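The numbers here are math on the coordinates, done by the rules we state, and not lab data. Just so we're clear, the structure is a prediction, and the values are computed from it rather than from any experiment. Backbone-built Cβ (ideal geometry, glycine too); neighbour counts: all protein chains shown.
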Protein chains: 4
Amino acid sequence: MTKAIFLIQCGDRKGLLSAIVGFFASKGFSILHCQQHTDSYEKRFFMRIELDASDMKISRKELEDSFSSVADELNLEWSCHWSDYRTRIAILVSKASHCLYDLVARQLDGELNAEIPLIISNHPDLEKVANQFRIPFYCFPVGEDKEEQEKKIRDLLRRFDIDLVVLARYMQILSPGFTEEWKDRIINIHHAFLPAFQGANPYLRAYQRGVKMIGATAHYASEDLDQGPIIEQDVVRVNHELTPNGLKEVGKDCEKRVLASAVKAHLEHRIIVYGNKTIVFAVER
Amino acid sequence: MTKAIFLIQCGDRKGLLSAIVGFFASKGFSILHCQQHTDSYEKRFFMRIELDASDMKISRKELEDSFSSVADELNLEWSCHWSDYRTRIAILVSKASHCLYDLVARQLDGELNAEIPLIISNHPDLEKVANQFRIPFYCFPVGEDKEEQEKKIRDLLRRFDIDLVVLARYMQILSPGFTEEWKDRIINIHHAFLPAFQGANPYLRAYQRGVKMIGATAHYASEDLDQGPIIEQDVVRVNHELTPNGLKEVGKDCEKRVLASAVKAHLEHRIIVYGNKTIVFAVER
Amino acid sequence: MTKAIFLIQCGDRKGLLSAIVGFFASKGFSILHCQQHTDSYEKRFFMRIELDASDMKISRKELEDSFSSVADELNLEWSCHWSDYRTRIAILVSKASHCLYDLVARQLDGELNAEIPLIISNHPDLEKVANQFRIPFYCFPVGEDKEEQEKKIRDLLRRFDIDLVVLARYMQILSPGFTEEWKDRIINIHHAFLPAFQGANPYLRAYQRGVKMIGATAHYASEDLDQGPIIEQDVVRVNHELTPNGLKEVGKDCEKRVLASAVKAHLEHRIIVYGNKTIVFAVER
Amino acid sequence: MTKAIFLIQCGDRKGLLSAIVGFFASKGFSILHCQQHTDSYEKRFFMRIELDASDMKISRKELEDSFSSVADELNLEWSCHWSDYRTRIAILVSKASHCLYDLVARQLDGELNAEIPLIISNHPDLEKVANQFRIPFYCFPVGEDKEEQEKKIRDLLRRFDIDLVVLARYMQILSPGFTEEWKDRIINIHHAFLPAFQGANPYLRAYQRGVKMIGATAHYASEDLDQGPIIEQDVVRVNHELTPNGLKEVGKDCEKRVLASAVKAHLEHRIIVYGNKTIVFAVER
């Protein structure tokens, strides 16, 4: 079944839900799911609505245009997505392979509504993994001219019509220009439970601090390192029996799970970003 | 802020959400939260809607009556609850004290929107706990005439205007007449992850089977033992280092947490029962 | 560093720990880890001891022979394993690919101390996955003669010098002869939290019972279906928003995690089987 | 059964385990549990050994003295504890009651091998809770002279022969003199997943950062605020539906669970402190 998904936010006030739901009802749509949340602290209204679009009487453009008029009146920020479009993902990696394997295996297994047309790296190490799955692999080492390296990446992303960039343990900081151009379209996995252990070597620092759980955090990349809107986090219990290397091994599963979960939420249009935070609506399937 | 909470269910069809939301909007209510779920497998519509009732233009009765007309038209099953009413709970216990302590401490701590006017037991052991908290304690041992014992309990529940019965490790099976009269108003805690280890001695059986996690299940009591609609479950990781008694000790925390969570969901009117299952809406606060 | 790992069990009595530890000390070994557990309920002694074998003065056979004498005196059941041996795994699958992808990716990523020289199936569907990873794939459909089909599998296992069989969602019941021959060397993943939902269609039955968590269980296969010694279990929280198919999707991650964890425990020689239960020693790395 | 528990640590080297275990065997003790851990990164040896002391041939002093000689030779740091001694706990609180209720209820329920002879606060609010349980309550408001207030507390702790101080949401920073005197004998609960959100108002800051899990950390108090050795941590999943106050409510259960778990580990002599870290041995019962 083809679905149309609307993500909506605005300042909270009376009558919003009724007006929006009424609009779709008046157009004859069957509402499959409606998730609404009001942040009473921020006084902000958030909504995700999923419509049965398999038997539409009007064109997609007509629907979007006519909702646009309502949205202007009500002063809504919104986006509309169609379930039959497959998002195009570029995966950026460095040397660690576990997240790459995990994402590609999930895609092949039909778990992600997405294509992965290319893999980009700053190191040659993972070319063999890309070859195994016959995915084009581009290697741009970071030499003296970091700007030039980034330019090559950004050109490629455009050339391949990429919608979403996934930093699957890509160990380079992106420039503000890059993160700005790709705002809310770059997902990074950080191997710690943010805001704890921002920056480098989180597992070693976790060992030194003697924490009893380690974690991973998936977030949209922003100009400030490890500060962007958090999408998903998880932790795993550890104990004194693990060295820094042991923590790193144990943490891999947590990283894979958290990154995959965040990517899926993005692909299923379940995320609204507000300021530096996300509203992530629950799965219904 | 006083709130009105409507719980609604019916067979799914087009236009339900719009009609219901439109009704409350037309009466001038501010909708604080609206949670809607369609079970696409059962083709059933479920909804919880929370209204700001602090400044109502009409009486409570008028609201309920006028919604009743709409509900008849739309063929809805529904109930309406008011946040300023404190539910009256009777706790039934036998010999184990941990769930009793936990519930009473939570009530004293202001965590439960409820009164606990009495504690009933089939054993005298926990009278000292009741006394500590100055809650009336009634002891009805199960002698030869089990029917007579139950009659005393049911009379007391009526006399104390009880709304909800919580079986906090009450180790007696209730008669079908009792569970029928109190349908969806008796919450039981079973010390296992149902449907595993139904019936007696679940911790010993968990030890014998060598499971790696033990659990607890809170459910509405029904005629068939341990078969009623499940409200909440949780588990805790265990290992070979625990004997049956060790499992029992470790399981206590899980039982307390699960029972308290289920009781809170009931008190906050977040549960809809459908057949032998529950829809439990998430907390928003 | 090469390590020798001894797994030991026997009826509990005084002086065992001292005698065993004393033996290895007298031979000049450095003890890297010593994990000991006494089941006070069963009065049984279990032990795992890891020795630094990188600089041995005696041959491996001499060590095993001289420990054998001590073991006979003390009436120990024991086994000895060497960390430089890579266990040979055969993966058996049917149609679901997620566990297969997960295990192979982990092996390629260096997470498993094992080889995977072949994949066997009763359906042709996953041949393309095997090809992708260039692992030989054998397909033996179950026709009229089930005994003949099993014979072919068992012959292959012998021919490939297989040490461990992993049933990664292999949906065929093995004969008693097969499970007997491969006792404690076949790991199966069951897609439910055993002993709940033994047998077929656990996700549908979980949906129908309205459980609030679903799980997965890895266990050694035994003659009785889903009754063998449990190695690892885990659960994931679910709610009313998931249909039977949704549960199946959500459960995949849990199955992968549980199966991989059990296989690793086996490969790292951290499991002792006693009766129908396992002692699984914690990771230390 | 009375047990003697030895906690031992020292620089790692060959033969330690054998020497220590041999000592107890030579004295004729039955070893109930022996847990040993070598931190290969720090090259440090840690051990917990539990002896059956119900039928001792020598006096407790003789055992400790003769072990002391061995320990001097081997250069061990160690302590010896007897299971029939009930640790004396002083609970310090401010205004939040949930951790106080939880600890007292567990003590009454027989879950803690401890006495709670007094409760101390810097606010009068919780006197009614103390009275309910007939535990002496001392209120020392922090006025102009903070040193004087602390002196009164430290005098009381001495007068009541206190062994362990539990800061159950006591919202005052202790002076270096206090934490030094009570090194490794003050357990504090911090309402965040350290090292994230050290200091004041962690729930508000967690809300502002948009984390997807909140946590709690129990640690020994040290001179530096929220920097002492961590004993136990746990987290709970949250989402956009919770305001700062909602997070605070949801966090209470996590705080109670983590604090109780840390206190139990201390009372059961399962903790060894090394530098700024703890080794917490697993429960065996």
query = Taking the Cα centre of the stretch B:186-285 as origin and charging only Cβ (+1 Lys, Arg; -1 Asp, Glu), how large is the dipole, in debye to the nearest 20?
reply = 220 debye
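In the stretch A:1-97, which trypsin sites (Lys or Arg not before Pro) fall in coil by DSSP and have 16 or fewer other Cβ atoms within 10 Å?
Working: sites: A:LYS3, A:ARG13, A:LYS14, A:LYS27, A:LYS43, A:ARG44, A:ARG48, A:LYS57, A:ARG60, A:LYS61, A:ARG86, A:ARG88, A:LYS95; in loops: A:ARG13, A:LYS14, A:LYS27, A:LYS43, A:LYS57, A:ARG86, A:LYS95.
Those satisfying the criteria are A:ARG13, A:LYS14, A:LYS27, A:LYS43, A:LYS57, A:ARG86, A:LYS95.
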query = Placing +1 at every Lys and Arg Cβ and -1 at every Asp and Glu Cβ, with all other atoms neutral, what dipole size does the stretch A:88-209 have around its Cα centre, in debye to the nearest 20?
reply = 300 debye
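With an 8 Å Cα cut-off and a minimum separation of 6 or more residues, compute the relative contact order for chain A in percent. Let's see the in-between values first.
Working: 498 pairs, mean separation 44.1, N = 285.
Relative contact order comes out at 15 percent.
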message = If you average the alpha carbon positions of the stretch A:230-285 and of the stretch D:74-143, how far apart do those two centres end up, in angstrom?
response = 38 Å
task = Go through the stretch D:113-128 residue by residue and turn each phi into a ³J(HN,Hα) via Karplus (6.51, -1.76, 1.60, θ = phi - 60°); whole Hz please, and just put x for glycine and proline.
result = 7, 7, 10, 10, x, 7, 10, 10, 9, 9, 9, x, 3, 9, 4, 5
key: Ratio of Rg to Rh over the stretch B:3-82 (Cα coordinates, Kirkwood Rh, two decimals)   = 0.95
query = Hey, what angle do you get for helix C:244-267 against the long axis of chain C, alpha-carbon based, 0 to 90 degrees rounded to 10?
reply = 20 degrees
ask   = Applying the Karplus parametrisation 6.51 cos²θ - 1.76 cosθ + 1.60 with θ = phi - 60° to the phi angles of the stretch D:276-281, what ³J(HN,Hα) value in whole Hz is obtained for each residue in order, glycine and proline being reported as x?
value = 9, 10, 10, 9, 10, 6
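Counting other Cβ atoms within 10 Å, which chymotrypsin sites (Phe, Trp or Tyr not before Pro) in the stretch A:77-159 have at most 15 and lie in a DSSP loop? Display every interim value, and only then the final one.
Working: sites: A:TRP78, A:TRP82, A:TYR85, A:TYR101, A:PHE133, A:PHE137, A:TYR138; in loops: A:TYR85, A:PHE133.
Listed in order of number, the matching sites are A:TYR85.
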ask   = Where does helix B:146-159 land angle-wise versus the long Cα axis of chain B, in degrees 0 to 90, nearest 10?
value = 40 degrees
message = Give the average over all directions of the projected area of the C-alpha convex hull of chain D, one decimal, in nm².
response = 16.8 nm²
query = For q = 0.09, 0.14, 0.21 Å⁻¹, what log10 I(q)/I(0) does the stretch B:1-136 give under the Debye formula with an equal point scatterer on each alpha carbon and no solvent?
reply = -0.43, -0.77, -1.12
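To the nearest 20 debye, what charge dipole does the stretch B:15-86 have about its Cα centre, counting +1 at the Cβ of each Lys and Arg and -1 at the Cβ of each Asp and Glu?
Working: 8 positive and 12 negative charges, 19 e Å.
Computed about the Cα centre, the dipole is about 100 debye.
Suppose a student asked you for the relative contact order of the stretch B:90-135, using Cα pairs under 8 Å spaced at least 6 residues apart; what percent would you report?
Numbers: 42 pairs, mean separation 23.2, N = 46.
Result for the stretch B:90-135 is 50 percent.
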task = DSSP loop (so not H, G, I, E, B), at most 14 other Cβ within 10 Å: list which GluC sites (Glu not before Pro) in the stretch A:97-178 pass both filters.
result = A:GLU144
query = Quick one: Kirkwood hydrodynamic radius for the stretch C:182-275, alpha-carbon pairs, angstrom, one decimal?
reply = 13.6 Å
ask   = Could you state the number of Å between the C-alpha centres of the stretch A:8-29 and the stretch B:145-208?
value = 45 Å
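If each DSSP helix of 4+ residues adds -39,500 (n - 2.57) and the sum is divided by the residues in the protein assembly as shown, what number results at 222 nm, nearest 500 deg cm²/dmol? Working shown, then result.
Values: 32 runs with 380 residues, N = 1140.
Calculated mean residue ellipticity at 222 nm is -10500 deg cm²/dmol.
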Rounded to 5, the percent of DSSP beta bridges in chain D classed as antiparallel = 70 percent
key: Relative counts (whole %) of C-alpha pair distances in the stretch B:7-53, using bins that are 10 Å wide   = 25, 54, 19, 2
task = Normalising by the residue count of the stretch C:3-82, find the relative contact order in percent from Cα pairs under 8 Å and 6+ residues apart.
result = 47 percent
key: Cα pair distances exceeding 40 angstrom across the protein assembly as shown, given as percent   = 51 percent
query = Taking springs between alpha-carbon atoms closer than 10 angstrom, which of C:LEU103, C:LEU225, C:LEU259 fluctuates most in the Gaussian network model of chain C?
reply = C:LEU225
query = Dipole of the stretch A:148-285 (Lys/Arg Cβ +1, Asp/Glu Cβ -1, origin at the Cα centre): which of A:GLY251, A:GLY177, A:GLY199 lies farthest to the positive side?
reply = A:GLY251
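How big is the antiparallel share of DSSP beta bridges in the protein assembly as shown, given as a percent to the nearest 5? Walk me through the numbers on the way to the answer.
Details: 154 of 218 bridges.
That works out to approximately 70 percent antiparallel.
Per residue Cα convex hull volume for the stretch B:87-161, in cubic angstrom?
Numbers: hull volume 5.6 nm³, N = 75.
So the per-residue hull volume is 75 Å³.
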ask   = Considering chain D as a Gaussian network with a 10 Å cut-off on Cα pairs, which listed residue, D:HIS266, D:HIS240, D:HIS191, attains the greatest mean-square fluctuation?
value = D:HIS240
